């Protein structure tokens with residue numbers, strides 16, 4: 001998982017590249033700087049999801065200001081929660097390349113999110129209880145579909161997919177697909193895992 005060794009500017013560059021690849025069919029073939037600049041301007045001005053992620057990066061930059069940085073970051077965080085109706089917890093660690101196409105109804109508590117992760121609308125990442133220790137880890141390249149819930153100090157492996165409205169409370173292997181309530185693994189990286197993985201336990 002790529003989190004701790006990236007600077008904020010490196011994260012912003014990764015965010016831009018991931019968004020441009022997903023949002024613009026012209027980006028991959030855009031060799032001219034002016035074309036990429038126009039694409040960047042479009043994202044910054046017209047795409048709420050990119051604005052939401054940039055609001056997060058602004059908070060990270062503000063936190064570096066001596067003395068008043070922590071207070072300024074909290075104010076910026078509060079403002080972004082009000083504007084977008086979504087929350088990326090201050091205590092969460094989020095690597096570059098975060099892609100949030102529809103930043104509505106998202107609640108992310110203390111967790112670690114890897115590089116090039118996709119989070120759709122109404123996703124929740126949090127704890128099973130107030131007294132729970134540790135934090136959830138979302139691996140690089142993971143895809144969290146609309147309305148899914150990830151609870152507890154669990155690990156979602158690299159390249160894993162959490163299906164729409166799934167409720168996950170146990171580890172998901174790399175490149176696996178977890179669906180349902182309670183979530184169960186329907187596809188796994190290893191052929192030996194297919195059909196043998198136990199469903200995640202969840203209190204209904």
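What follows draws every value from the coordinates through simple rules; no lab data is involved. Remember, it's a predicted structure, so these values are computed and weren't measured experimentally. With ideal geometry, Cβ positions are generated from the backbone for all residues, glycine too; neighbour counts draw on all protein chains shown.
List of remarks:
- The label-point distance for residue 181 and residue 68, in a model that sets each label 7 Å from Cα toward Cβ, rounds to 4.6 nm.
- Virtual paramagnetic centre 7 Å along Cα→Cβ of residue 79, amide N under 12 Å, in segment 45-61: 55-56, 58-59
- Spin-label pair residue 131/residue 38, simplified geometry with 7 Å Cα→Cβ offset, distance in nm: 6.1 nm
- Normalised by the number of residues in segment 65-188, the average gap of Cα pairs under 8 Å and 6 or more apart makes the relative contact order 15 percent.
- For the pair residue 45 and residue 17 in one chain, pulling the backbone fully straight at 0.36 nm per residue adds 8.5 nm over the alpha carbon distance.
- Shape call, segment 44-123: gyration tensor on alpha carbons, a/c limit 1.5: prolate
- Shape category assigned to segment 8-193 from the gyration tensor of Cα positions, a/c cut at 1.5: oblate
- Among beta bridges identified by DSSP and lying wholly in segment 69-186, the antiparallel ones come to about 10 percent.
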